[in-house]
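**Q** Below: one structure in structure tokens.
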Amino acid sequence: MLINLFRIIKYGFLAFRRNGWLSTATLSIIVLALLVFEGLMIFNVLTKTAVNLLEDKIDISIYFKIDAPEDDILNIQKSLGTLTEVKSVDYVSRDRALEVFKEKHKDDAAISQSLEELNANPLLASLNIKANDPSEYATIADYLDKADFKTMFEKVTYAQNAVVINRLNKIIGVAEKGGFVLIVFLAFIAVLVTFNTIRLAIYSSRDEIGIMRLVGASNSFIRGPYVVEGIIYGFLAAVLSIGITAPIVYFISPYISVFIADMNLWKYFTSNIIGTLFYQSLFGIGLGAVSSVIAVRKYLKV
Amino acid sequence: MVIFQNVSKIYGSNGRQMAALEDATFSINQKEFVSVVGKSGAGKSTIIKLIIGEETPSKGRVIFGSYDVNKLKSHELPQLRRRVGVIFQDFRLLSRKTAYENVAFALEVAGRPQSDIIDFVPQALEMVGLKDKMLNFPKELSGGEKQRVAIARAMINHPDMIIADEPTGNLDPMNTWEIIKILMKINELGTTVMLATHNKDIVNHINQRVISVENGKIVRDEAKGKYILV
């Protein structure tokens, strides 16, 4: 049994080496398929990061009337915090708001001067509410609109931002759904192309398979080397596709950071390289082996 | 060794039926040298395909040794085929393997240890006169050399029987006689040989049992036969 396994592996490697051009052609097709996958994974990460970044920018702010007591505001903060839709509620006091404002405009002499002349704090205290999910802002706004402490509000920003928030929600939804459809579609094509390439490679040895049967080889002994060859294709293709992607990612990473500030693509790529290699190999090897089994089966009927 | 009991093989397509072999009954004993003669398409190859289980009979029974051939399942066929060495007109060597590997393959499929391969393969290739071309691929060999590799492969497993289907059909007269001599030698050493051919000179020279096939029927079966066909 062990000697058979050894021979099967030996013949798999031998066939891979001797088939030269055919091996190269098959390998490059699988590399292309895997590159599509890698591209999809990177695309996925980029859209996710971009979407998260956008989501983070959305919030609802409640500005309180200038005479609203701080205790009441803190009570409202507490009660809002208990809502399931709410992720966080930050309190910005009037003093704090002034500090931030001053800091922001410290280089602007006209503003600093007018603030000093004013001699009082014109800014309002506010609560910044972030929702767990962008689609929940509408619910939160609705809740605020019906609340009995509404009389203390000077203004709620949702009304002004509603259009933008809704549009962002739609864009996020389309990006997620579209990305998924694209991934499924391209993955399907990659699988099909790889499968057919391996099938063609094995088609070219259909006579050999018949001869092996006539010489008394068992089906597993015939199939084995082709499966081994498929596994070699899969593994090498995984390594090669990562080898090709690495310099590309390294090169475009700084440009990506310009668009998506929090994204360091190169760092992401290098820290996930083992996992990527694992999944790529798994995919390549699985596809190579399964395609070989299916393709050989057809010619084993002698 | 081989028994055919009222065997018929009928090919049918689009309602048209054609009998490749009709009601054939004969048996071949151990250590016999049997020539099966007839024109192309007479049914010689069908007889061979039925023995090695490449085809199943439409009617009747084919027995090889202890095997009831047409009752064997696909995964049992390799067992039978390791007991029969077949030599074809078109050689049927594995083009991506060297002469040595082609012969070794027959031992490998039988699960024989590496030491057997190292011992027997060069011997077999030496016997057919190809020791110095062991590492050549089939495309680097002449027709006669390819057929000799095929013979070495067929006999390496010490099969119960060697079947040669028009083994000299693609060879010049020189090589033809070389191949026939090797087959006779194998038979002298105790292996049953079945030779399917339409070469009259060969059959008459061998002067052994001859089964004549015509239009799918066995028309003559003589112990010391000649090639007689109208």
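The values are calculated or read from the model by the stated rules, or taken from the named source; none is laboratory data. Being a predicted model, the structure only gives us computed values, none of them experimental. So basically every Cβ, Gly included, is an ideal-geometry build from the backbone, and we count neighbours across all protein chains shown. Remember, those area values only see protein heavy atoms, side chains included, never the ligands or the DNA or RNA. Shrake-Rupley method; radii C 1.70, N 1.55, O 1.52, S 1.80 Å.
**Q** Between chains B and A, what is the buried accessible area summed over both chains (1.4 Å probe, protein heavy atoms, nearest 100 Å²)? Intermediate values should be presented prior to the final figure.
**A** Working: alone 11510 and 18500 Å², together 27750 Å².
Chains B and A together bury roughly 2300 Å² of accessible area.
**Q** Now for a separate question. Compare the Cα positions of B:Leu107, B:Ala152, B:Leu141 along the charge dipole of segment B:2-222 (+1 at Cβ of Lys, Arg; -1 at Cβ of Asp, Glu; about the Cα centre) and return the one farthest towards the positive end.
**A** Of B:Leu107, B:Ala152, B:Leu141, it is B:Leu107.
**Q** Right, something else. Given N residues in segment A:59-160, what is its alpha carbon radius of gyration divided by 2.2 N^0.38 Å? Present the calculation step by step, with values, prior to reporting the outcome.
**A** Numbers: Rg = 15.1 Å, N = 102, 2.2 N^0.38 = 12.8 Å.
Dividing the Cα radius of gyration by 2.2 N^0.38 Å gives 1.19.
**Q** Taking the Cβ of B:Ala106 as the center, what net charge do the other residues with Cβ under 10 Å away carry, scoring Lys and Arg +1 and Asp and Glu -1?
**A** Charge balance near B:Ala106 sits at +3.
**Q** Ignoring ligands, DNA and RNA, what accessible area per residue does chain A give at 1.4 Å, in Å²? Before the final figure, lay out each step's value.
**A** Values: 17300 Å² over 302 residues.
It amounts to 57 Å² per residue over chain A.
**Q** Here's a follow-up. Check the straight Cα-Cα distances from B:Lys226 and name the lysines below 16 Å, setting aside those fewer than 8 residues away within the same chain.
**A** Of all the lysines, those that pass the test against B:Lys226 - Cα under 16 Å, at least 8 places apart if same chain - are B:Lys39, B:Lys200.
**Q** Moving on. Quote the relative contact order of segment A:59-160 in percent (integer), defining contacts as alpha-carbon pairs under 8 Å separated by 6+ residues. Could you put the intermediate results ahead of the total?
**A** Details: 119 pairs, mean separation 50.9, N = 102.
Once divided by the residue count of segment A:59-160, the mean separation gives 50 percent.
**Q** Rounded to the nearest 0.05, what FRET efficiency do A:Phe185 and B:Ser40 give with R0 = 56 Å and r taken as the Cβ-Cβ distance? Could you check? Display every interim value, and only then the final one.
**A** Numbers: r = 54 Å, r/R0 = 0.97.
E(calc), rounded to 0.05, equals 0.55.
**Q** Among B:Ala124, B:Gly65, B:Gln5, whose Cα projects farthest towards the positive end of the dipole of chain B, with charges put on the beta-carbon of Lys, Arg (+1) and Asp, Glu (-1)?
**A** My answer, from the dipole projection, is B:Gln5.
**Q** What are the residues of segment A:214-246 that lose 10 Å² or more of accessible area, with a 1.4 Å probe, going from their chain alone to all protein chains?
**A** When all protein chains are present, A:Leu214, A:Val215, A:Gly216, A:Ala217, A:Ser218, A:Asn219, A:Phe221 each give up 10 Å² or more of accessible surface.
**Q** Under a 5 Å amide H to amide H cut-off, with H placed in plane at 1.01 Å, what residues pair with B:Ile162 once short-range neighbours are removed?
**A** Hits under the 5 Å cutoff: B:Gly85, B:Thr192, B:Val193, B:Met194.
**Q** A follow-up question, please. Go ahead and estimate [θ] at 222 nm for the protein assembly as shown from helices alone: -39,500 (n - 2.57) per DSSP H run with n ≥ 4, summed, over the residue count, rounded to 500.
**A** Working: 18 runs with 301 residues, N = 532.
Calculated from helices alone, the mean residue ellipticity at 222 nm is -19000 deg cm²/dmol.
**Q** Still on this structure, I have one more. Based on Cβ point charges of +1 for Lys and Arg and -1 for Asp and Glu, what charge dipole magnitude is obtained for chain A about its Cα centre, in debye rounded to the nearest 20? If you can, show how the numbers build up before the last one.
**A** Values: 29 positive and 28 negative charges, 570 e Å.
Here the size comes out at about 2740 debye.
**Q** Where the convex hull is taken over the Cα atoms of chain A, what is its projected area averaged over directions, in nm²?
**A** Numbers: hull surface 93.9 nm².
Average of the hull's projected areas for chain A equals 23.5 nm².
**Q** Name the residue, out of B:Gln17, B:Gln30, B:Gln123, whose mean-square fluctuation peaks in a Gaussian network model built on chain B with Cα pairs under 10 Å.
**A** Maximum fluctuation in the GNM of chain B, among the listed residues, is at B:Gln17.
**Q** Using a Gaussian network model of chain A with C-alpha springs under 10 Å, which one of A:Asp90, A:Asp262, A:Asp108 is most mobile by mean-square fluctuation?
**A** A:Asp108
**Q** To continue, here is another question. Considering only protein heavy atoms and a 1.4 Å probe, what is the carbon-and-sulfur percentage of the accessible area of chain B?
**A** Values: 4900 of 10460 Å².
The computed percentage sits at 47.
**Q** Just to confirm, what accessible area per residue do you get for chain B at 1.4 Å probe, in whole Å²?
**A** Numbers: 10460 Å² over 230 residues.
I get 45 Å² per residue for chain B.
**Q** Between A:Leu54 and A:Ile3, take the C-beta separation as r, use R0 = 56 Å, and let me know the FRET efficiency to the nearest 0.05. The partial results should precede the final answer.
**A** Values: r = 61 Å, r/R0 = 1.10.
Efficiency, rounded to the nearest 0.05: 0.35.
**Q** Here's something else I'd like to know. In whole Hz, what ³J(HN,Hα) sequence does segment B:36-47 give by Karplus (6.51, -1.76, 1.60; θ = phi - 60°), x for Gly and Pro?
**A** Running phi through 6.51 cos²θ - 1.76 cosθ + 1.60 with θ = phi - 60° gives 10, 10, x, 5, 4, x, 6, x, 5, 5, 4, 4 Hz.
**Q** Nearest 0.05, what FRET efficiency do B:Ser142 and A:Leu277 give at R0 = 60 Å with Cβ-Cβ as r? Don't skip to the end; give the middle numbers.
**A** Working: r = 49 Å, r/R0 = 0.82.
Once rounded, the FRET efficiency stands at 0.75.
**Q** On to the next question. At 30 angstrom or more along the helix axis (alpha-carbon based) and mean Kyte-Doolittle of 0.0 or higher, what helices does chain A contain? Whole DSSP H runs only.
**A** On the way: long enough: A:20-57 (55 Å, 1.21); A:158-203 (66 Å, 1.28); A:219-259 (57 Å, 1.32); A:273-297 (35 Å, 1.49).
Answer set is A:20-57, A:158-203, A:219-259, A:273-297.
**Q** I've got another one for you. If amide H atoms are built 1.01 Å from N in the plane of the peptide, which residues on other chains or at least 5 residues away come under 5 Å of the amide H of B:Asp221?
**A** The list, which skips near neighbours in sequence, is B:Ser212.
**Q** B:His75 versus B:Asp90, label points 7 Å from Cα toward the beta carbon: distance in nm?
**A** Result: 3.0 nm between the two label points.
**Q** Build a GNM of chain A with springs between Cα atoms under 10 Å: which of A:Arg206, A:Arg18, A:Arg167 gets the top mean-square fluctuation?
**A** Result: A:Arg18 has the largest fluctuation of those listed.
**Q** Follow-up. Could you tell me how far the Cα centroid of segment B:86-163 sits from the Cα centroid of segment A:33-78, in Å?
**A** Distance between centres, Cα-based: 73 Å.
**Q** Rounded to a whole number, what % of the accessible area of segment A:59-160 do carbon and sulfur atoms account for, probe 1.4 Å? Don't skip to the end; give the middle numbers.
**A** Values: 3080 of 6360 Å².
In segment A:59-160, the share of accessible area belonging to carbon and sulfur is 48 percent.
**Q** Continuing with this model, one more query. Can you work out the Karplus-derived ³J(HN,Hα) for every residue in segment B:123-138? Use 6.51 cos²θ - 1.76 cosθ + 1.60 with θ = phi - 60°, whole Hz, and x for glycine or proline.
**A** Once rounded to whole Hz, the list reads 4, 5, 5, 5, 4, 8, x, 10, 4, 7, 10, 3, 9, 7, 7, x.
**Q** Which one, A:Phe259, A:Ala237, A:Leu53, projects farthest toward the positive side of the charge dipole computed for chain A from Cβ point charges (K/R +1, D/E -1)?
**A** After comparing all options, I get A:Ala237.
**Q** Nearest 20 debye, what's the magnitude of the dipole of the protein assembly as shown about its Cα centre given +1 on Lys and Arg Cβ and -1 on Asp and Glu Cβ? All intermediate terms of the calculation are to be shown ahead of the outcome.
**A** Values: 60 positive and 54 negative charges, 707 e Å.
It comes to approximately 3400 debye.
**Q** Sticking with this one: Please compute the contact order of chain A in relative form: average sequence separation of alpha-carbon pairs under 8 Å and at least six residues apart, divided by the residue count, as a percent. Display every interim value, and only then the final one.
**A** Values: 314 pairs, mean separation 89.2, N = 302.
Relative contact order here is 30 percent.
**Q** Tell me which residues come under 5 Å, amide H to amide H, from A:His105 once H is placed; ignore anything under 5 positions away on its chain.
**A** So A:His105 has HN proximity to no qualifying residue.
**Q** How big is the dipole moment of segment A:59-160 about its Cα centre under a simple scheme where the beta carbon of each Lys and Arg is +1, that of each Asp and Glu is -1, and everything else is neutral? Debye, nearest 20, please. Could you put the intermediate results ahead of the total?
**A** On the way: 12 positive and 20 negative charges, 21 e Å.
For segment A:59-160, the charge dipole is close to 100 debye.
**Q** Less than 30 Å apart at the alpha-carbon level, and either on another chain or at least 8 residues along: which lysines does that give for A:Lys65?
**A** A:Lys57, A:Lys78, A:Lys87, A:Lys102, A:Lys104, A:Lys106, A:Lys130, A:Lys146, A:Lys150, A:Lys155
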